[in-house]
Each structure stands twice: as structure tokens, then as C-alpha cells.
Amino acid sequence: MTNIVIVDDHQLFREGVKRILDFEDSFNVVAEGGDGNEVVPLYEQHQPDVVLVDINMPNKNGIDATGELMAAHPDARVIILSIHDDESYVTHALKTGALGYMLKEMDADAIVQAIKIVAAGGSYLHPKVTRNLVAEFRRLSEKEHKGSFHQAEIRRPFHLLTKRECEVLQLLTDGQSNRSIGETLYISEKTVKNHVSSILQKMNVNDRTQAVVTAIKNGWVEVR
């Protein structure tokens, strides 16, 4: 059973998320809050496996609240909830120690997937957020080289991944969701999930974000 605390000042959104999570037999929402000041007390009282924290709340925002929680309880697993996909928000969230960053536009299946990944010790970023972080990586590369960014020749990791897995890895880097990847490659979403699991295992990484970062560093994918 995965115990979850939700802290969000929008009651309707909070109730909607709780209703989604109640459909999962392995999920148990043990407490709710509507203020950033409640994050640490609720965690200490209920010791949940995952805490969902809204980034914008009265009195104390989600970033500051998460920072306080991680300082007191470094093993806490936090997912930031946000309407912002700008990389600056994501960077600040991750610096606090949060393991996940979900956009409030996510569908039910994606929310469940994100919580399962973080509960297992992995990290999760919304695909749109991943795409923006890749764009920021490219911008910094251009700045570092003081000119146009010319990526070295792509060296597809065929020694490690199949051709189809290389295609999936590229689309992950482009920030596409499993559903979007399936539509692009004309395969089912379940098949995409199987390919992603195989990629993570072969690359010896815990989650999609680590796979993308590793692929970029090794020149296995195009930064576009």
C-alpha cells in the first residue's frame, strides 16, 4: 500500500486527484492540506510514502515547503504539482530534493504512473517539462560555445538498444508521452511502455529523465 498526502489550496483539484487515486487499490490518501505550512506537520504525523505538493499556495509556497521538509526528512518523496512548464520552476523544484514534477493538465493514468515511479524511488517529469529542459540544455550549449550549437554526429547505441528502442529513446528526448510515441510509431501504448522498460534496464537507469540525460551526454540522440 502506498500512503499519500496531498497538499493543495484548491479544494476541487485536491478532491479530483483523491478521486483518481481512490480507484487504485494500492493507493491510500491518508491526509490532505491546503497550505504550505501544513506540509511538514502532515508528513511527520502520517509518514506517507509520497507527498503531492502544489507549487503555488498561500503563506508558504510549495518550493519553500518542500525545502523545509527535505531538510528535516531527507528521505521524503515529494512530487510538485504545477501549472508551470517553464524550466526555471522545474529547476527550483528539483533543487529542493523533489523527485517529481507533474503538470496539473496530466491525465489520470499519468498521475498514477508518476506516483508509482516516485514511490519506488525513481523520479518523474512531465514529458512537456522534459522537452523544455532539453531546450534549456541546448541554449546553454550554444552559450558555452558562443555561437550556433552544432551537435557532433549522432552515434546511435545499436550495441545496446534495438533500432526500435533507439527510436523510442529519441522521442522520449523530444518530450513525447507514451501515447504520443505510440501514435508516431504506429504501435500500442502498451508496446511503448515495454520498450521504455527495456531501455531503462539496458541503460541501467531508474527513470525516463535519467535515460534522456544519459543519451544526450553520450550523443545518442538529437537535441532538437
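Out of curiosity, is VAL50 touching a Lys or Arg at 6+ places or on another chain (Cβ under 6 Å), open to solvent by less than 40 Å² (accessible area, probe 1.4 Å) and either at pLDDT 90 or above or over 21 Å from VAL205 (Cα atoms) (or both)? Quick ask: steps written out before the conclusion?
Working: touching a Lys or Arg at 6+ places or on another chain (Cβ under 6 Å): yes; open to solvent by less than 40 Å² (accessible area, probe 1.4 Å): yes; either at pLDDT 90 or above or over 21 Å from VAL205 (Cα atoms) (or both): yes.
Considered against the rule, which asks whether it is touching a Lys or Arg at 6+ places or on another chain (Cβ under 6 Å), open to solvent by less than 40 Å² (accessible area, probe 1.4 Å) and either at pLDDT 90 or above or over 21 Å from VAL205 (Cα atoms) (or both), VAL50 comes out as yes.
As a summary of the residue check, VAL51 satisfies the conditions (1) closer than 16 Å to GLU32 by Cα; (2) more than 18 Å from the chain's Cα centre (by Cα) except for the one numbered (2).
Please enumerate the residues belonging to region 32-45 that are farther than 16 Å from GLY62 by Cβ and touching a His at 6+ places or on another chain (Cβ under 8 Å). Give the derivation first.
In the first step, residues of region 32-45 are kept if they are farther than 16 Å from GLY62 by Cβ; the result is 44-45.
Within region 32-45, GLU44 is the sole residue that qualifies.
Selection of region 68-83 for residues being buried (at least 20 other Cβ atoms within 10 Å of the Cβ), free of Cβ contacts under 8 Å to residues at least 60 places away in the same chain and not β-branched (Val, Ile, Thr) yields LEU69, ALA76, ARG77, SER82.
In region 1-28, the residues that are closer than 19 Å to ASN59 by Cα form Cβ pairs under 9 Å with partners that are open to solvent by 70 Å² or more (accessible area, probe 1.4 Å) and at pLDDT below 90, at six or more places apart or across chains, as follows: ASP9/ASN56. Tallying residues that are open to solvent by 10 Å² or more (accessible area, probe 1.4 Å) and at pLDDT 85 or above within region 111-130 yields 7. Screening THR96 on (1) among the hydroxyl-bearing types (Ser, Thr, Tyr); (2) open to solvent by 10 Å² or more (accessible area, probe 1.4 Å); (3) touching a His at 6+ places or on another chain (Cβ under 8 Å) shows it passes everything except condition (3).
When you look at GLY34, is it farther than 21 Å from SER177 by Cα and touching an Asp or Glu at 6+ places or on another chain (Cβ under 6 Å), yes or no? Taking the combined requirement at face value, the residue satisfies it. Within region 201-220, how many residues turn out to be open to solvent by 30 Å² or more (accessible area, probe 1.4 Å), under 19 Å from ARG155 (Cα atoms) and assigned to a helix (DSSP H, G or I)? Result for region 201-220: 5. Scanning region 158-192 for residues that are touching a His at 6+ places or on another chain (Cβ under 9 Å), at pLDDT 90 or above, within 22 Å of GLN113 (Cα to Cα) and not in a helix (DSSP H, G or I) yields a single hit, ILE187.
The values are calculated or read from the model by the stated rules, or taken from the named source; none is laboratory data. Computed from a prediction, not measured in an experiment: that's the story for all the values here. With ideal geometry, Cβ positions are generated from the backbone for all residues, glycine too; neighbour counts draw on all protein chains shown. Protein only, heavy atoms only, side chains kept; ligands, DNA and RNA dropped before computing areas. Shrake-Rupley method; radii C 1.70, N 1.55, O 1.52, S 1.80 Å.
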